[in-house]
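Everything on this sheet refers to the single structure shown next.
Only the coordinates and a few stated rules stand behind these numbers; no lab work does. Remember, predicted model here, so these are calculated numbers, not experimental data. No Cβ is skipped: glycine too gets one built from the backbone with ideal geometry, and neighbour counts run over all protein chains shown.
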Amino acid sequence: MAKLLEVHEVRLSFGGLTALDGPSLAVGDGEVVGLIGPNGAGKTSLFNCISGLYRPQSGTITVAGERIVGLPRHRIASLGVGRTFQNIGLLQSQTVLANVMAGAYHASRGGWWATAAAAPHVRRSEDETRAAALALLEELDLASVAGRIVGTLPFGTLKRIELARALLGSPRLLLIDEPANGLVHGEVIELGETLRRLAAERGAAILLVEHHMGLVTSVCDRVAVLDFGRLIAEGDPREVAQDPAVIAAYLGRAA
Ligand SMILES: Nc1ncnc2c1ncn2[C@@H]1O[C@H](COP(=O)(O)OP(=O)(O)OP(=O)(O)O)[C@@H](O)[C@H]1O
Ligand SMILES: [Mg+2]
């Protein structure tokens, strides 16, 4: 039985630069897995391959047993893959509610009808979409800013809005890229609680890219470590943090 996500020997390069050098990893239903590694290790590139923004030159990726390399983004989203972006992928001049409702369009360039045709489980009316978006804003403690323009809100709030938008598609697999970046300590603690709750209550699997090791160890069942596009360690978060190869990778990049 295939796991929810299976990445097998994925290779991606940009000209002469190798971003992903054949890593393999799997995430089971409801599992929370950290994806860590120094800057430039290939973490976001792997997210981009899984969500269909980048097409790897070789290797396979399956979601719920279906091969997804080469599929359009909205098809991959309709298989249950949601994501947030490292540099915030929100429409700055739109309201919070409009941004979250846009999650129903699954980042599709085809627009509402194309998405609806491709993905029966997201075929909802605008009223239903609005109700679902408002419920999520409530759940993520964002109801009071529903009508505000995104560009006027603090960074920590934007991160939560992105999460709400990704959740609107009821993903089975949520890819979250550096959610703690730019947050103050108290916000990181709250974020950790939110992520644990999402995994527990919705049964969503999470693949979490994060440099904040406190957050990673507190929410992840397991971590995988990338360095120069390769998987160099995998296992219990605390044990992996002590692994000499992992320490060397971080020190090597810092030097
Ligand atoms: N679109 C692109 N064009 C050219 N090079 C790219 C592109 N996207 C990523 N890269 C390169 O691929 C490598 C991996 O980048 P990536 O963004 O995946 O790293 P990362 O692990 O997410 O790093 P960070 O922790 O800094 O976000 C880097 O050398 C980066 O410059
Ligand atoms: Mg990145």
Sum of side-chain charges, L20 neighbourhood, beta-carbon under 11 Å (Lys, Arg +1; Asp, Glu -1): +1
Protection proxy ranking of 163-174, 77-88 - average other beta-carbon atoms within 10 Å, highest first: 163-174, 77-88
Cut-off under 5 Å, modelled amide H: who pairs with R230 long-range: D21
Computed [θ] at 222 nm, deg cm²/dmol, the chain (DSSP H ≥ 4; -39,500 (n - 2.57); rounded to nearest 500): -11000 deg cm²/dmol
Cβ-Cβ FRET estimate between S24 and E201, R0 fixed at 30 Å, reported to 0.05: 0.50
Estimated FRET transfer efficiency (E66, A245; beta-carbon r; R0 30 Å; 0.05): 0.35
For the chain, alpha-carbon Rg relative to the globular expectation (2.2 N^0.38 Å, N residues): 0.98
